[in-house]
Amino acid sequence: MEWLDPLAAFVIGLVLRFGVPIGATILVVSLLRRLDARWQVEAEQRRALIAAGVARGPRCWELRNCPPERRANCLAYAQPGFPCWQVFRGSEGQLREACLECDVFTQAPLPTAV
C-alpha cells in the first residue's frame, strides 16, 4: 500500500498538468464555434435582406435631400446599384476629400465577404 500514495499523486499531477488545459481548450473551442455559427447566420440573413432590396446603404440624394432637378444630372443617382463614393472616385481610384467626411460614406455598412 506504500505505492498507492505516490501513484495517486502522480495521477492527480497528470490530470492537473494535461487534463485542465485540454478541458479549457475544448471549452473555448466549443464557445468559439457557437459564436461563429451565430455570426454566420446573421451574415446570411443580412445577405438575404440585401439581395431582396430591403437592407441597403444610405443613398446620398436621400440624406442630402437633393431636389429632383439636381438628381437628374447626378451620376450617383443614375447608377443606384453603386455607392455614390464609388461613382465619384478619381481617375486614379482615390476618393474625393468631401466623400471621406460625408455622412453617407461614414454611415455605410462595411462590405461582407461573399
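What follows draws every value from the coordinates through simple rules; no lab data is involved. Note that the structure is predicted; figures quoted are calculated from it, not measured. Neighbour counts are summed over all protein chains in view; Cβ atoms, including those assigned to glycine, are modelled from backbone coordinates with ideal geometry.
Taking 0.36 nm per residue of sequence separation and removing the Cα-Cα distance, the Leu27/Glu62 pair yields an extension gain of 7.8 nm.
Of (i) -0.38, -0.49, -0.76; (ii) -0.34, -0.48, -0.82; (iii) -0.60, -0.72, -0.95, which one was derived for log10 I(q)/I(0) by the Debye sum over Cα atoms at q = 0.11, 0.13, 0.17 Å⁻¹ from the structure shown? Given (i) -0.38, -0.49, -0.76; (ii) -0.34, -0.48, -0.82; (iii) -0.60, -0.72, -0.95, the calculated one carries the label (iii). The gain in end-to-end length when the Glu2 to Gln86 segment is fully stretched comes to 22.3 nm, 0.36 nm per residue minus the alpha carbon separation.
Projecting the Cα positions of Ala24, Ala9, Leu49 onto the charge dipole of the range 1-55 (unit charges on Cβ atoms of Lys, Arg, Asp and Glu, taken about the Cα centre) puts Leu49 furthest along the positive direction. The peptide list 60-66, 38-44, 75-81, put in order of mean Cβ contacts within 10 Å with the highest first, becomes 60-66, 75-81, 38-44.
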